Amino acid sequence: MGGPTDDGGDTKATATDAPSLANRHAELVEELLAGSHRALARVITLIEDRSTGYRAIVSALHEHTGGADVIGVTGSPGAGKSTLVDKLAAAYRDRGDTVGVVAVDPSSPYTGGAVLGDRIRMGSNVGDMDVFFRSMSARGQLGGLSMATADAVKALDAFGKDVVIIETVGAGQNEVDVVRTADTVAVLVQPGSGDDIQTLKAGILEIGDVFVVNKADMDGAERTLAELEEMVHRRESPTKGLDTGHHGFDAPDPPDHGEHDGSEGAGAGADEGAGADESAGASEAAEEAAAWTPEVRRTVANTGEGVEGLIETFDAHARHLRESGEIEATQRRRYAEEIRTLVRSDVGALATAEIDRRGGIDALADAVRRRETDPYSVAAAIVDPIADCVEPSDG
C-alpha cells in the first residue's frame, strides 16, 4: 500500500522508501562533506522537493551533525527579521565563523514556492562563499516551518557551518514550531507594537530564549523594552511581588527564637527548621543557577547597533545549554517530535494510498451519504490492514 508521501511538494518518494543511498546520491553526500557548495545546494534542492532518495541522503548526513549552533529568529512581519539576520551573518563572519541561513518565506498561492522577498533584504553578504543563503517555502506548514527546513538545517550542519540561522514567517502562536529545530530562539518585537505584546502574552512568550526590540531608535522603544522586561519577570516568577509569604497567603510571622534562651525544644526545632530551610534554599539556588532567564536586547538592524551584544547573548545561551546538560534534553525533545511527525506522515501516506485503491475519497463519501456505510466503518476498513501489520500476532 505504498504511495506518495504528503510532504507538500511534487514528490516521487514513497512512504516505504528504505534509507539506502543510490550511487549518485552517495557521491553527492561525499562531495557535500568534502566542502562542495554546489553539492550542498543540490542536496537542499532534493530535500525541499522531497525527491526520490532524499531520506537516504538525510540519514547519511545525520551522523555528521551536531556541530552547529542553530538559532531561530522569529517575530511578526515588519519587525525587521531579514535585515537583522543579514547583519548577524556579517558579524559572525567578522569573527571567523561560517554561516548558513534558511529563510522560510510565505508560500506563493500560485506555485507553492517561496516569494523570495528575504533575498532582497540580505545583501551584505553577497559574494561571500562562507555565507550560504537559502530561501524556502513554508508550504503551508503551521509556524512557517516544514520538515524540509529541519532537513536543510541538518545538511548545513553536516557541511560544517558553525552557525545556522533560521528566519521564520511571523504566524502568531504557531511560531512555536521553530523550537523543534533551533537551539536558541530569538523573538523580535518592534517598538509600539501593542498587538505584538498581546500576542506574546497569548503564548509566544514561552518559546523565546532572547527577546529583541528591533528598530530601537523609533519612538516607543523604551516602553516596549519595559513591557518585555516585565513579561519575562512574570514568566520567571509569576508570584514575585505578591505578599504571599513563604508558605502562601497570610503566612504568620516566624517566632522570635531569641526570646527563649534556655528552651531545648525550641532550640532543636529551630536547628531542624533552619537545616530544612537551608537545604531547600540550596536546592532552589541550584535550580536557579541551572535555569536560563530570557534576556531582552535592543538592536537597530539598519545600522548594526546592538548586533554584537545580541551575538554575545546567543553565545551565553549556547554555553548554558552545554554546561547545564540541557542540550541533551532539548535534542531528545526535538528528535522525539521529528519521529512522531515522520511516522504520522508515513502512516497518512499509506492511508491515502488505500483510500485511492478503494475508489477515492469522493466515492467513499458518497457511499456514506447514501447510508450504505458510515465514516467509522470506512476508517476502520482503511486503518485495520495497517494495524494488522504492526500489531504482534498471538502466536
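The values are calculated or read from the model by the stated rules, or taken from the named source; none is laboratory data. None of these values were measured; they are calculated from a predicted model. All Cβ positions, glycine included, derive from the backbone under ideal geometry; neighbour counts span all protein chains shown.
Details
- Within the range 71-85, residues that are within 8 Å of GLU167 (Cβ to Cβ) reach partners that are among the basic types (Lys, Arg) with beta carbons closer than 8 Å, at six or more positions or on different chains, in the pairs VAL73/LYS81; THR74/LYS81; SER82/ARG121.
- Residue tally, condition farther than 20 Å from ASN214 by Cβ and acidic (Asp, Glu), over the range 63-93: 2
- Boolean, ALA266 is of a type in the set (Gly, Ala, Ser), surrounded by fewer than 12 Cβ atoms within 10 Å (Cβ to Cβ), part of a helix (DSSP H, G or I) and modelled with pLDDT under 55: no
- Unmet requirement for VAL179, which otherwise passes all of (1) assigned to a helix (DSSP H, G or I); (2) of a type in the set (A, V, I, L, M); (3) surrounded by fewer than 24 Cβ atoms within 10 Å (Cβ to Cβ); (4) modelled with pLDDT of 70 or more: (4)
- Members of the range 96-114 found to be at pLDDT below 95 and surrounded by fewer than 16 Cβ atoms within 10 Å (Cβ to Cβ), listed by number: SER108, PRO109, TYR110, THR111, GLY112, GLY113
- Pick from the range 40-86, criterion among the charged types (D, E, K, R) and assigned to a helix (DSSP H, G or I), ranking: surrounded by the most Cβ atoms within 10 Å (Cβ to Cβ): ASP86
- Residue pairs meeting the criteria (Cβ under 7 Å; at least 6 apart or on separate chains; first under 16 Å from VAL383 (Cα atoms), in the range 357-372; second assigned to a helix (DSSP H, G or I)): ARG358/LEU364; ILE361/ILE355; LEU364/ILE355; LEU364/VAL378
- Qualifying residue in the range 353-373 (condition: modelled with pLDDT under 95, among the polar types (S, T, N, Q) and not in a helix (DSSP H, G or I)): no
- Screening GLU308, GLU312, GLU323, GLU278 for residues that are at pLDDT below 90 and outside any loop (DSSP other than H, G, I, E, B) leaves exactly one candidate, GLU278.
- Just one of the listed residues (GLY203, GLY220, GLY208, GLY245) is surrounded by fewer than 20 Cβ atoms within 10 Å (Cβ to Cβ), at pLDDT 85 or above and not aliphatic (A, V, I, L, M), namely GLY220.
- The listed residue being loosely packed, with under 15 Cβ neighbours inside 10 Å and in contact with a strand residue (DSSP E or B) (Cβ under 7 Å, 6 or more places away or on another chain), out of GLY309, GLY325, GLY359: GLY309
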